Amino acid sequence: MISNKYFAVLAAAGLTISGAAVAQTVPPIPQSSPVPTIPAGTQATLPSANLQAVAGGKNILTAASPGTLGADGLPSIENAQAGNVAGLSYYCVQQKLVLGTSPIVASRTLAKRPDVQNDQFYSLGGKGLLQTAGGNVFDISTLPKDKRVTTCNDVIKKAQSLGDSAVVGH
């Protein structure tokens, strides 16, 4: 019985030593090219490859970006065009920030418009990026959840009004 205890201790020690030997053979991570970090409260410059040919798109703004949010703590959806609103409404539905069939119907109705299908801001909206003034986009995922829900409700209302105006025009 004593020999079983000693065997278990020796086996554990052997595994520890062999694990240390393996850990020593892993090459270190090169420090020659550090990953850049962006301090909170600054604007991140969006690489042109990620803009997907969005003319004039310059920066991704966050909730920490100075002057981005209104007095109510929400971004303005005033500058969001139909394509961006359609993409954002899809994002809001997928993230379950809005519930029910009305948001789904509004999103689908607006997405069927020909001008929306070719809008370069549609895909950015689908990633949660809101079109703002000056060619910038605001990442709504940086908002607290209650503010995201409120923003999404506003986006759905705008989608419904844009979708209704398209239906009336036919």
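Is there a residue being under 12 Å from residue 61 (Cβ atoms) and modelled with pLDDT of 90 or more anywhere in the stretch 105-126? No - not one qualifying residue is present in the stretch 105-126.
Summed over the stretch 53-65, the residues that are modelled with pLDDT under 90 and part of a loop (DSSP other than H, G, I, E, B) give a count of 7. Looking across the stretch 89-104, the residues that are of a type in the set (A, V, I, L, M, F, W, C) and touching a residue at least 24 places away in the same chain (Cβ under 8 Å) come down to 92, 97, 98.
Residue 86 falls short of the stated requirement of being of a type in the set (A, V, I, L, M, F, W, C), surrounded by fewer than 16 Cβ atoms within 10 Å (Cβ to Cβ) and touching a residue at least 40 places away in the same chain (Cβ under 8 Å). In the set (1) within 13 Å of the chain's Cα centre (by Cα); (2) open to solvent by less than 60 Å² (accessible area, probe 1.4 Å), residue 132 fails one condition alone, (1).
The values are calculated or read from the model by the stated rules, or taken from the named source; none is laboratory data. Owing to the predicted nature of the structure, the values given are computational and were not obtained by experimental measurement. Cβ: placed from backbone, ideal geometry, glycine included. Neighbour counts: every protein chain shown. What goes into the accessible areas is simple: the full protein's heavy atoms, side chains included, and nothing from ligands, DNA or RNA. Shrake-Rupley method; radii C 1.70, N 1.55, O 1.52, S 1.80 Å.
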